[in-house]
Amino acid sequence: QVQLVESGGGLVEAGGSLRLSCTASGRTISSYAMGWFRQAPGKEREFVAAISWNGDITKYVDSVKGRFTSSRDNAKNTVYLQMNSLKPEDTAVYYCAARIGFVLGFKTSDFGSWGQGTQVTVSS
């Protein structure tokens, strides 16, 4: 089982940027597809982004397309989520997740390993 730890969250004004990191331990993530999800208070956890094992393929929820970019550095066992032009509606706890294999996942049930989450708060 791979262990995941997110970092990089915080408080930012609308229009600002943050970069989240997700560092894995226990196993190399080079054979894992990775995902980012978020959960706002009172809402279900929702898909944000997915990235293939080698970073060649990325997918995003429509609400973040053009603003968020996911990347990965397998040598550092780390996945990133660059978030630009942040909006108050992006406020949530952000989670990274790992799915063994080469097929992207888009649902929470697609992923077997999760981090503890990092809070992102965007003020208006």
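The values are calculated or read from the model by the stated rules, or taken from the named source; none is laboratory data. Here the structure is a predicted model, which is why all the values come from computation and not from measurement. Glycine also receives a Cβ, built like all others from the backbone with ideal geometry; neighbour counts cover every protein chain displayed. When the accessible area is computed, the model is the full protein with side chains, heavy atoms only, and any ligands, DNA or RNA have been set aside. Shrake-Rupley method; radii C 1.70, N 1.55, O 1.52, S 1.80 Å.
Things to note:
- Of the residues examined, Asp110 is not one that is surrounded by 17 or more Cβ atoms within 10 Å (Cβ to Cβ) and among the acidic types (Asp, Glu).
- Subset tally (residues that are over 21 Å from Tyr60 (Cα atoms), modelled with pLDDT of 95 or more, open to solvent by 50 Å² or more (accessible area, probe 1.4 Å) and not small (Gly, Ala, Ser)) for the stretch 6-36: 2
- Checking the stated criteria, Arg45 turns out to be of a type in the set (D, E, K, R) and open to solvent by 50 Å² or more (accessible area, probe 1.4 Å).
- Selected residue [touching a residue at least 60 places away in the same chain (Cβ under 8 Å) and farther than 20 Å from Ser30 by Cβ] from Leu81, Leu86: Leu86
- Subset of the stretch 89-101 [over 19 Å from Ser25 (Cα atoms) and open to solvent by 30 Å² or more (accessible area, probe 1.4 Å)]: Glu89, Thr91, Val93
- Any pair with Cβ under 6 angstrom, 6 or more apart, that starts in the stretch 103-124 at a residue that is over 15 Å from Ser52 (Cα atoms) and ends at one that is part of a strand (DSSP E or B) and open to solvent by 60 Å² or more (accessible area, probe 1.4 Å): Gly115/Val5; Thr121/Leu11; Ser123/Glu13
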